[in-house]
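Asker: Supplied in structure tokens, the structure appears directly below.
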Amino acid sequence: MEKRNPWAWIPTLYFAEGLPYVVVMTLSVIMYKRLGVSNADIALFTSWLYFPWVIKPVWSPFVDLIRTKRWWICAMQLLIGGGMAGVAFVLPGDFFLRLSLAFFWLMAFSSATHDIAADGFYMLGLSEERQAFFIGIRNTFYRVAMLTGQGLLVMLAGLLESATGRIPFAWSIVFFVLAGCFIALSLWHRYILPRPSVDVSRTVLAPGAIFKAFGDTFVSFFRKKGIVPALLFMLTYRLGESQLVKLASPFLLDSREVGGLSLSTGEVGFVYGTVGVISLLAGGVLGGMMIARDGLRRWLWPMALAISLPNLVYLYMAYAMPDSLLVVNACVAVEQFGYGFGFTAYTMYLMLFADGPYKTSHYAISTGFMALGMMLPGMISGWIQELIGYRYFFIWVMVCCIPLFLVLPFLRFGKESGKKP
């Protein structure tokens, strides 16, 4: 194996994994809101974009069997960059919604495939001890990408909106910047990624052997011990967040007459791009350290509680209606720390559950169920919010946190990597 310092490629790899996801799922929400699309349409159309992540287990065995994961990573990053350039070209036109959604679909499929390869490469390129240590780091840079998408890029869009007075043009420039970023990331990873001896190309496999391995992958996944509570855990851990994430930015942008906080595009970007970054880093790194030290079993319940904190602060803001940007920043700090800390347990559980001869494909199947748990509730979240208003909507989101805690007592734990004896 060619030796590479994990610090040279893990941060950029998971930044590249997180950025297209946040662009498709969150940045698109803010962009469509600024372009005058309704909350119900935004939530419905952008939730449909989860579908590639839901069905990615269908083609994950082919990523496992054909070419190397290193090749898939570099190729998909180039394709993602092409999709972003496509969005940039069509935004100023009359049919921007239909055409941009088509390019978002291209990005979503490319990003889902990239996720399969990157997560598999992580498990192949690191020892179990290092996997446990770097889980907080990878989650942190994944979330840094999230905050870049809904923070720094939104600030850039706000500045361009103010400078030019042309909202479609401003967002078009943002997507051209993203396209250039992904071309650069593809070139960087082509150079810096290590070459694990187990990451081999198996293009000589006959079609029959490929389809047999495909079937074995799915059968072995659903025969795992504790599969039913595991699936319920995957579907419910982010049930509240799946609805909150679609309406958080519209809530901050909407006028006070309809229950929003009436922030500008630049202010929303500033809120998520400053204190949010620091809080996220602290939560993600601390979560990884705690699991590496004590194991997942010790921290699962505290982290499950922490994942509910983002919902609580939005409920507070919906009722208090703060007009101070400082208060909003403080609420976002709590949101990001709780999410960074709580999401670590989710990632570690999926990795432990996927352990075995098909770990790359089984991890992809697990994240597919996670995406399904995000897509279905998210599709109706905009309709629910428009029906009952922001205040009751955030109460509903808190109610959706309850099923998770009913599932936790039934989870099974296998070997816990990184746990000290």
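The values are calculated or read from the model by the stated rules, or taken from the named source; none is laboratory data. Owing to the predicted nature of the structure, the values given are computational and were not obtained by experimental measurement. Reconstructed Cβ throughout: ideal geometry from the backbone, glycine too, with neighbour counts over all protein chains shown. In case anyone asks, the SASA skips ligands and DNA or RNA and just uses the protein heavy atoms, side chains included. Shrake-Rupley method; radii C 1.70, N 1.55, O 1.52, S 1.80 Å.
Asker: If you scan region 230-241, which residues turn out to be modelled with pLDDT of 90 or more, assigned to a helix (DSSP H, G or I) and surrounded by 24 or more Cβ atoms within 10 Å (Cβ to Cβ)?
Answerer: Passing the criteria: Phe233, Gly240.
Asker: Here is a further query. Restricting to region 86-116, name every residue that is open to solvent by less than 10 Å² (accessible area, probe 1.4 Å) and hydrophobic (A, V, I, L, M, F, W, C).
Answerer: Correct list: Val87, Ala88, Leu91, Phe104, Met107, Ala108, Ala112, Ile116.
Asker: Give Ser172, Ser162, Ser186 a once-over and let me know the one that is open to solvent by 10 Å² or more (accessible area, probe 1.4 Å) and among the small types (Gly, Ala, Ser).
Answerer: On the way: Ser172 fails: open to solvent by 10 Å² or more (accessible area, probe 1.4 Å); Ser186 fails: open to solvent by 10 Å² or more (accessible area, probe 1.4 Å).
Going through Ser172, Ser162, Ser186 in turn, the sole match is Ser162.
Asker: Answer yes or no as to whether Phe62 is at pLDDT below 90, closer than 19 Å to Ser361 by Cβ, open to solvent by 30 Å² or more (accessible area, probe 1.4 Å) and not aliphatic (A, V, I, L, M).
Answerer: On the way: at pLDDT below 90: yes; closer than 19 Å to Ser361 by Cβ: yes; open to solvent by 30 Å² or more (accessible area, probe 1.4 Å): yes; not aliphatic (A, V, I, L, M): yes.
When the stated conditions are applied, Phe62 passes them.
Asker: All but one of (1) surrounded by fewer than 21 Cβ atoms within 10 Å (Cβ to Cβ); (2) more than 25 Å from Ala213 (Cβ to Cβ); (3) not basic (Lys, Arg) hold for Pro20; state the number of the condition that does not hold.
Answerer: Exception for Pro20: condition (1).
Asker: Please specify each residue of region 102-120 satisfying the condition of being in contact with a Lys or Arg (Cβ under 7 Å, 6 or more places away or on another chain) and hydrophobic (A, V, I, L, M, F, W, C).
Answerer: Within region 102-120, Ala112, Ile116, Ala117 qualify.
Asker: Does region 291-309 hold any residues that are within 26 Å of Ser242 (Cβ to Cβ) and either out of contact with any Gly (no Cβ under 7 Å at 6 or more places or on another chain) or open to solvent by 20 Å² or more (accessible area, probe 1.4 Å) (or both), and which are they? Break it down stepwise before answering.
Answerer: Of all residues in region 291-309, those within 26 Å of Ser242 (Cβ to Cβ) come to 291, 296-297, 299-309.
Leu296, Arg297, Trp299, Leu300, Trp301, Pro302, Leu305, Leu309 - these are the residues of region 291-309 that are within 26 Å of Ser242 (Cβ to Cβ) and either out of contact with any Gly (no Cβ under 7 Å at 6 or more places or on another chain) or open to solvent by 20 Å² or more (accessible area, probe 1.4 Å) (or both).
Asker: Here is a further query. Looking at the structure I just gave you, is Met374 closer than 24 Å to Leu49 by Cα, hydrophobic (A, V, I, L, M, F, W, C) and crowded, with 22+ Cβ neighbours inside 10 Å? Explain how you work it out, then say what you get.
Answerer: Details: closer than 24 Å to Leu49 by Cα: yes; hydrophobic (A, V, I, L, M, F, W, C): yes; crowded, with 22+ Cβ neighbours inside 10 Å: yes.
Answer is yes for this residue.
Asker: Could you tell me whether region 290-313 includes any residue that is over 24 Å from Tyr358 (Cβ atoms), among the basic types (Lys, Arg) and under 19 Å from the mean Cα position of the chain (by Cα)?
Answerer: no
Asker: Here's another thing I want to ask about it. For region 379-392, indicate whether the set of residues that are open to solvent by less than 10 Å² (accessible area, probe 1.4 Å), hydrophobic (A, V, I, L, M, F, W, C) and in a helix (DSSP H, G or I) is non-empty.
Answerer: Within region 379-392 (the criterion being open to solvent by less than 10 Å² (accessible area, probe 1.4 Å), hydrophobic (A, V, I, L, M, F, W, C) and in a helix (DSSP H, G or I)), the answer is no, since none of the residues qualifies.
Asker: For residues in region 322-359 being open to solvent by less than 10 Å² (accessible area, probe 1.4 Å) and among the β-branched types (Val, Ile, Thr), which is modelled with the highest pLDDT?
Answerer: Val328
Asker: Can I ask one more? Does Met76 satisfy being surrounded by 22 or more Cβ atoms within 10 Å (Cβ to Cβ), free of Cβ contacts under 8 Å to residues at least 60 places away in the same chain and of a type in the set (A, V, I, L, M)? Give the steps one after another, and end with the answer.
Answerer: Numbers: surrounded by 22 or more Cβ atoms within 10 Å (Cβ to Cβ): yes; free of Cβ contacts under 8 Å to residues at least 60 places away in the same chain: yes; of a type in the set (A, V, I, L, M): yes.
The answer is yes for Met76.
Asker: I'd like to check something: does region 25-45 contain any residue that is closer than 18 Å to Ser186 by Cα, part of a helix (DSSP H, G or I) and under 15 Å from the mean Cα position of the chain (by Cα)?
Answerer: First, pick out the residues of region 25-45 that are closer than 18 Å to Ser186 by Cα: none.
No: zero hits.
Asker: Same structure again: If I filter region 4-19 down to residues being modelled with pLDDT under 90 and not polar (S, T, N, Q), which single residue comes out as nearest to Asp119 (Cα to Cα)? Talk me through it step by step, then tell me what you get.
Answerer: So the first thing to find is which residues in region 4-19 are modelled with pLDDT under 90, and the list is 4-10.
Right, trim to not polar (S, T, N, Q) and you get 4, 6-10.
Working: Arg4: 17, Pro6: 14, Trp7: 16, Ala8: 16, Trp9: 13, Ile10: 10 Å.
Step by step, filter region 4-19, then rank; the result is Ile10.
Asker: Further question: Every residue in region 319-344 that is aliphatic (A, V, I, L, M) and within 18 Å of the chain's Cα centre (by Cα), please.
Answerer: Initially, region 319-344 is screened for residues aliphatic (A, V, I, L, M), giving 320-321, 325-328, 330, 332-334.
Within region 319-344, Val332 is the sole residue that qualifies.
Asker: Go through (1) touching an Asp or Glu at 6+ places or on another chain (Cβ under 8 Å); (2) hydrophobic (A, V, I, L, M, F, W, C); (3) modelled with pLDDT of 90 or more one by one and return the number of the condition Ile395 breaks.
Answerer: Every condition holds for Ile395 apart from (1).
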